[in-house]
1. 7 Å along Cα→Cβ for the label point: how many nanometres lie between A:R181 and each equivalent label in the other copies, listed shortest first?
2. Would you list which aspartates and glutamates come within 13 Å of A:K76, measuring only between C-alpha atoms, while excluding same-chain residues fewer than 8 positions from it?
3. For the stretch B:137-153, list whatever residues lose no less than 50 Å² of accessible surface once every protein chain is in place, relative to that chain by itself, with the probe at 1.4 Å.
4. Assuming a ≥ b ≥ c are the square roots of the Cα gyration tensor eigenvalues, decide whether the protein assembly as shown counts as rounded (a/c under 1.5), prolate (otherwise, with a/b larger than b/c) or oblate.
5. Compute the acute angle (0 to 90°) between the alpha-carbon long axis of helix B:153-193 and the principal axis of greatest extent of the alpha-carbon atoms of chain B; round to the nearest 10°.
6. Quick check: the angle from helix B:17-27's long axis to the longest principal axis of chain B, C-alpha only, nearest 10 degrees?
7. How far is B:R168 from itself in the other copies, in nm, if each label sits 7 Å out from Cα along the Cα-Cβ line, shortest first?
8. Cα gyration tensor of the stretch B:83-146, axes a ≥ b ≥ c as square roots of the eigenvalues: rounded (a/c below 1.5), prolate (a/b > b/c) or oblate?
There are 2 protein chains.
Amino acid sequence: MLEFAILGLLQQSPMHGYELRKELAAVLGGLRSISYGSLYPALKRLQAAGLIASDDPTPRSLLPADAPALTGRRGKVVYAITAEGKERFADLVSQTGPEAYDDEGRFGVHLAFFRHTAADVRLRILEGRRRTVERQRDRLMDSLRRTQEKLDRYTLELQRHGLDSVDREVRWLTELIDSERDDARAEAARAEQSPTPPDDGTT
Amino acid sequence: MLEFAILGLLQQSPMHGYELRKELAAVLGGLRSISYGSLYPALKRLQAAGLIASDDPTPRSLLPADAPALTGRRGKVVYAITAEGKERFADLVSQTGPEAYDDEGRFGVHLAFFRHTAADVRLRILEGRRRTVERQRDRLMDSLRRTQEKLDRYTLELQRHGLDSVDREVRWLTELIDSERDDARAEAARAEQSPTPPDDGTT
DNA sequence: GGATCGATGTATCGGCACGATACATCTGGG
DNA sequence: CCCAGATGTATCGTGCCGATACATCGATCC
């Protein structure tokens with residue numbers, strides 16, 4: 001998930017870790033900011049996989065091991081996406097399966113990069129997410145109906161609030177989906193009026 | 001967090017892992033169910049710490065190593081809380097600091113066991129949680145106001161939705177707090193009217 | 001009557017994210 | 001001049017997760 005997000009951000013321009021973290025926090029919704037304990041290992045993984053490349057000003061691995069006090073003298077390490085990285089990002093951005101929407105964080109990243117995503121893929125991800133959340137809602141409603149009497153007031157409140165949240169998320173997703181469909185219809189109409197008909201049935 | 005929840009559940013009656021998992025899922029809100037990859041290690045930690053004790057019907061560690069096909073034949077392992085475990089739970093249930101409400105999961109567990117929590121502690125936890133969530137909301141509003149123009153429609157929607165959720169949570173907490181205060185007032189009035197004041201807090 | 005399927009049940013593994021922490025650099029205000 | 005706070009890189013231990021393996025038991029199906 002983090003790796004996906006990093007690739008997406010580096011799509012725009014090279015960055016170093018600190019910037020990446022701030023951008024990530026901004027994009028991912030202000031709350032859930034990312035910790036360095038996740039970020040740097042992720043950067044290492046991506047670099048090992050050849051998806052990003054670092055411009056490290058001070059290699060520092062040539063010195064003998066007898067300079068422990070010299071461990072400092074770090075320079076900024078700027079990361080840039082590679083050709084393979086762009087390929088990988090294109091793959092990730094176009095996936096429409098459960099891996100795109102089952103996990104909340106995953107889905108958030110997909111949504112954050114929707115401007116790089118084709119319209120039909122966008123729609124399928126939103127619908128998939130809605131189905132997932134609807135299932136959660138139904139399970140929660142069921143569980144609530146069945147165990148209602150055995151729960152104390154606080155547990156009940158907790159579940160009521162959870163149910164309300166999930167319900168709101170479904171409605172939110174429905175708005176997004178409707179809006180996507182409107183856009184698609186408008187686009188189709190525009191294409192119709194124009195003499196060139198590139199529409200092959202994907203309404 | 002898990003350990004807290006387990007101690008709370010075992011407060012009622014001994015259970016084995018499978019039951020624990022289901023109860024946990026029921027109490028924690030139906031969605032976030034707990035995985036075995038967390039549960040069994042947690043049980044081990046608790047047992048190592050002497051907070052729970054297991055009734056293992058088949059020790060099975062006496063056999064020589066020449067019975068590899070016999071690895072099965074597992075019995076149910078029933079866990080019960082110990083005296084130290086009850087002590088620890090009492091400590092956990094009465095903590096009012098940030099560790100009780102900063103983390104969402106932590107707070108959920110505290111709320112789930114509010115029936116074991118003193119009224120004044122309940123109130124302090126709810127208020128602490130509200131402050132935490134209010135801070136999140138304010139940070140999010142700020143970030144949204146500042147970066148509004150630079151974000152595309154989808155990122156904006158994501159943040160709007162997140163803000164709405166946080167806002168709803170604040171209102172929900174406020175309802176709970178008001179209700180707690182009403183209860184406290186009613187209780188105080190009741191004590192006033194009654195001539196005998198044996199009430200030392202354990203309502 | 002036997003096969004098979006789903007619920008019950010215990011357990012481990014690798015992976016990933018987290019919070020805490022350490023340490024270094026630069027900038028600006030007291 | 002110094003020191004506080006932003007910038008910046010990095011590691012460590014911990015906790016939780018999904019996937020997986022394996023075993024038992026009852027019910028239903030053929």
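The values are calculated or read from the model by the stated rules, or taken from the named source; none is laboratory data. Model, not experiment: these values are computed from the prediction. Here Cβ is always computed from backbone atoms with ideal geometry, including for glycine, and neighbour counts include all displayed protein chains. Surface areas here come from the heavy atoms of the whole protein model, side chains and all, with no ligands, DNA or RNA. Shrake-Rupley method; radii C 1.70, N 1.55, O 1.52, S 1.80 Å.
1. Output for A:R181: 4.5 nm, nearest copy listed first.
2. Partners found: A:E19, A:D55, A:D56.
3. B:R153
4. Cα axes put the protein assembly as shown in the prolate bin.
5. Tilt of helix B:153-193: around 90 degrees.
6. On a 0 to 90 degree scale, this one is about 10.
7. 0.4
8. Prolate shape, in that a/c is at least 1.5 and a/b is the bigger ratio.
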